[in-house]
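Structure record follows, encoded as structure tokens.
A short reminder: the numbers here are calculations on the coordinates, not readings from a lab. Just so we're clear, the structure is a prediction, and the values are computed from it rather than from any experiment. Here the Cβ positions follow ideal geometry from the backbone for every residue, glycine too, while neighbour counts run over all protein chains shown.
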Amino acid sequence: MPAGMRRIVLPLLGIGVLLPFVPLLLWAFSARWFYPDPFPGQWGMRAWRYLWGPAGGYIVSALAASIGLSAAVALLSVLIGIPAGRFLGLYRFRGKWLVLLLVLLPIIVPPFTVAMGLHLWFLKLGLAETVAGVILSHLTVCLPYAVFVLWGVFSRYNPEFEDQARSLGVGRWLIWRRVMLPLIGPGVIIAALFAFLLSWGQYLATLIIGGGRVVTLPIVLFALIGGSDRPVAAVVSLLLVMPAMAALLISARSLGRRGMIGIW
Amino acid sequence: MGRLILENVGLCLDRKVVLRHVNLTVANGELLALLGPSGAGKTTLLRIMAGLIAPDEGRIYLDGRPITDVPPEKRDVVMVFQRPLLFPFMTLFNNIAFGLRVKGRLTADDRHQIDRIMAMTQLDGLGRRQAHQLSGGQQQRAALARALVLEPGVLLLDEPLSSLDPNLRQQMRDLIGNIQRQTGITMVFVTHDQTEALMMSDRVALMLDGRLRQTGAPKQLFYHPVDPDVARFFGMENLITGHCRNGYFHSAQWRMPALDGPAGPCIAAIRPEAIRVMPTRPDPGADPVLAGRIHRMRFEGTATRVWIDCGSRQVVALQAGAEFEAGQQVYVTFPVDAVHLMPVENV
């Protein structure tokens, strides 16, 4: 990009990303803000205190539920994604395109359709309105992304490292821990972050499968947006954004330092 | 100790025969070069020795113990690959210590051993570097050091020099030779470069099309190939079919004394550098002389390769300072003891 263009594009990008946060921040730290005023008439921390007070308990437990749920989804995505990605990345076989299609299908089909279809099945299987059911429904979205990321990682993976390690005395099962995981580490972190963030933002699947029993942060937020307490809604919105910001920092740190060397 | 025996080893991949009836004995403390053109099955054979591929048939013994079914990590055999394959998530020291750490915590003896090997491979002082901070030669030496610290019975090297530039190659050859003499570790060394095989090894095993064709001292393979394929591989371009009778070799145009040739149909092989091309007929002597015309010439630096039409046969000579013209009448001669005779049943 030429320098002149960069001078225009980068600030525009920055404004585009940051602009939606301005009203959120204003609301979150406002005590009084009436309609025609451009800025809050009075600043304050009421919304934040509400969160940690006795009335905000449902928000904190939703936050905890979201963290636990998304972490579980991320872990499962990586645990399934590593063997799947390894198989797809390292081996040539007939019908690979079919696998690709099957992996893509939950992303192509509208999430509402997937959630409704799953709901009918889950009712029969006793998984509706359970945490396990919600985790499974999130996996339909998160797992394809994790598989994709790890497929890419393994298509540039040199399995000779494993042969070398075995020749140097590492047993068949220790290879995973001593050689493969360290080599694909950055890719695994990215896949886990992807899965975590996708699960973190899920609303529809949680609502339909969870049926109101599994209350996550997006469920709470949706209810708050319809309500009248805008400052609290703004605070919850900010909470919802935080993992994405943290993820950005983690990935910048862990990937920038070591990069993808080793996978060539 | 490291006496490796391969007995009748064979392998098929995708219904294609890759290795056939390979019999090979590597003596303890020997440096054996496994030589052959690419695709001959050298690396596959090396991987079988390392235990990374299981052969379809045959047996492998190390110091008399059958190891055919022993997994690679439990064999006293370590392989160094064509690429250095240093673990990028570790420092050089940790890479070299890798194999020792697998067995347990590093002892003082282990550390001493690592220091010794790092000095031997000229890597001292680089222990804290990451793999990508090392030059190509350093990486290759580190890969060698990582295998050497384990003091394996047999060390397998898969073309470890092919990625280095010519200058570094020579240094690395000397280094490997020195280390082999110092440590006495049995080494099997895969290469497609015949000069490298001949100059470095105690013995050479030549592989062509998945078979071991000849195993022996470098000079033996070079001057006394067992069959025309081996002869051609080492550049014995003049192969003449004929017959040995009463101490003489006869062909359509040639008749010369056969010093220790076999009786019956055979092939005479003469190295191009043994043949002399002269503009005038030499004085008659014991050496055979043939008249011919220059077909073409190719300057190759230290010598010029000359193709001469002698009747229906073409003779190739490699001669320093050859100054001829195409079509010129010349005379070709060679010492009788430069003729190597191979019985035809080996063909």
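From the phi angles alone, apply the Karplus equation (6.51, -1.76, 1.60; θ = phi - 60°) to segment B:327-334 and give each ³J(HN,Hα) in whole Hz, x where the residue is Gly or Pro.
For segment B:327-334, the Karplus curve yields x, 5, 6, 9, 10, 10, 9, 7 Hz.
Let's see if you can work this out: charge +1 on each Lys and Arg Cβ, -1 on each Asp and Glu Cβ, no other charges. What is the dipole magnitude of the protein assembly as shown about its Cα centre, in debye to the nearest 20?
Using only the charged Cβ atoms, the result is roughly 1800 debye.
Leaving out same-chain residues fewer than 8 places away, which lysines sit with a Cα under 22 Å from that of residue B:74?
B:103
For chain B, what does -39500 (n - 2.57) per DSSP helix run (n ≥ 4), summed and divided by total residues, give at 222 nm, in deg cm²/dmol to the nearest 500?
-7000 deg cm²/dmol
Count, for each residue of B:82-90, the Cβ atoms from other chains sitting within 10 Å of its Cβ, then give me the mean as a whole number.
Working: counts 1, 5, 1, 7, 3, 8, 10, 9, 2.
Whole-number average of other-chain Cβ neighbours for B:82-90 is 5.
Inside 10 Å of the C-beta atoms of A:158-164, what's the mean count of C-beta atoms belonging to other chains?
6
Using a Cα-Cα cut-off of under 27 Å, which lysines could be cross-linked to residue B:219, ignoring same-chain neighbours fewer than 8 residues away?
B:42
So which aspartates and glutamates can residue B:16 reach, going by Cα to Cα under 15 Å and dropping same-chain residues fewer than 8 places off?
Answer for residue B:16, where 15 Å is the Cα cut-off: B:56, B:57, B:209, listed by chain and number.
Would you tell me the mean number of C-beta atoms belonging to other protein chains that fall within 10 Å of each C-beta in A:165-177, as a whole number?
6
Which value in deg cm²/dmol, rounded to the nearest 500, describes the helix-derived mean residue ellipticity at 222 nm for chain A, given -39,500 (n - 2.57) per DSSP H run of n ≥ 4 and division by the residue count?
Helix contribution divided over all residues of chain A: -24000 deg cm²/dmol.
If one takes the longest principal axis of the Cα atoms in chain B, at what angle in degrees, from 0 to 90 and to the nearest 10, does the Cα axis of helix B:136-148 lie?
Between the helix axis and the principal axis of chain B, the angle is about 70 degrees.
According to a simple spin-label model (label point 7 Å from Cα along Cα-to-Cβ), what is the distance in nm between residue B:296 and residue A:71?
7.6 nm
Order of B:188-196, A:137-145 by packing, highest average Cβ count within 10 Å first?
A:137-145, B:188-196
How large is the dipole of segment B:92-242 about the Cα centre if only Lys and Arg carry +1 and Asp and Glu carry -1, each at its Cβ, rounded to the nearest 20 debye?
560 debye
Would you mind computing, in nm to one decimal, how far apart the modelled labels at residue A:104 and residue A:5 are, each placed 7 Å from Cα along Cα→Cβ?
In this crude label model, residue A:104 to residue A:5 measures out at 2.9 nm.
Residue by residue through segment B:226-238, what is 3J(HN,Hα) from phi via Karplus (6.51 cos²θ - 1.76 cosθ + 1.60, θ = phi - 60°)? Round to whole Hz and write x for glycine and proline.
Karplus-based 3J(HN,Hα) across segment B:226-238 equals 7, 8, x, 5, 5, 4, 4, 4, 8, x, 7, 7, 8 Hz.
I'd like the distance separating the alpha-carbon centroids of segment B:256-292 and segment B:172-186, in whole Å.
40 Å
In sequence order, what are the phi-derived ³J(HN,Hα) couplings for segment B:204-209 according to the Karplus relation 6.51 cos²θ - 1.76 cosθ + 1.60 with θ = phi - 60°, rounded to whole Hz, with x for glycine and proline?
Rounded to whole hertz, the list is 10, 10, 9, 10, 9, 6.
What residues have an amide H closer than 5 Å to that of residue B:80, excluding those fewer than 5 places away on the same chain, when H is modeled at 1.01 Å from N in the peptide plane?
HN-HN under 5 Å from residue B:80: B:156, B:157, B:158.
What residue among B:197, B:230, A:237 has its Cα farthest toward the positive end of the dipole of the protein assembly as shown, where the charges are +1 on Lys, Arg and -1 on Asp, Glu, each on the Cβ?
The residue sitting farthest along the positive end of the dipole is A:237.
Place a +1 charge on the Cβ of each Lys and Arg in segment A:1-146 and a -1 charge on the Cβ of each Asp and Glu, then give the dipole magnitude about the Cα centre in debye, rounded to the nearest 20.
Around 480 debye, computed over segment A:1-146.
Quick check: Cα centre of segment A:9-59 to Cα centre of segment B:1-75, how many Å?
72 Å
For residue B:34, what residues show an amide H to amide H distance below 5 Å, using hydrogens built from the backbone and excluding near sequence neighbours?
Under 5 Å from the amide H of residue B:34 lie the amide H atoms of B:189, B:190, B:191, B:205, each far enough along the sequence or on another chain.
If R0 is 56 Å, what FRET efficiency do you get for residue A:12 and residue B:102 from their C-beta distance, rounded to 0.05?
Given R0 = 56 Å and the Cβ-Cβ separation, E is 0.55.
Obtain the nm distance between the two label points defined at residue A:225 and residue A:22 by a simple spin-label model: each point lies 7 Å from its Cα along the Cα-to-C-beta direction.
Taking the simple label geometry, residue A:225 and residue A:22 are separated by 2.1 nm.
Listing B:340, B:243 from the residue with the fewest other Cβ atoms within 10 Å to the one with the most, what is the order?
B:243, B:340
How would you order B:65-74, B:36-45 from highest to lowest mean count of nearby Cβ atoms within 10 Å?
The densest-packed peptide leads the list: B:36-45, B:65-74.
Find the centroid of the Cα atoms in segment B:80-107 and in segment A:178-210, then give the distance between the two in whole Å.
Using only Cα atoms to place each centre, the spacing works out to 31 Å.
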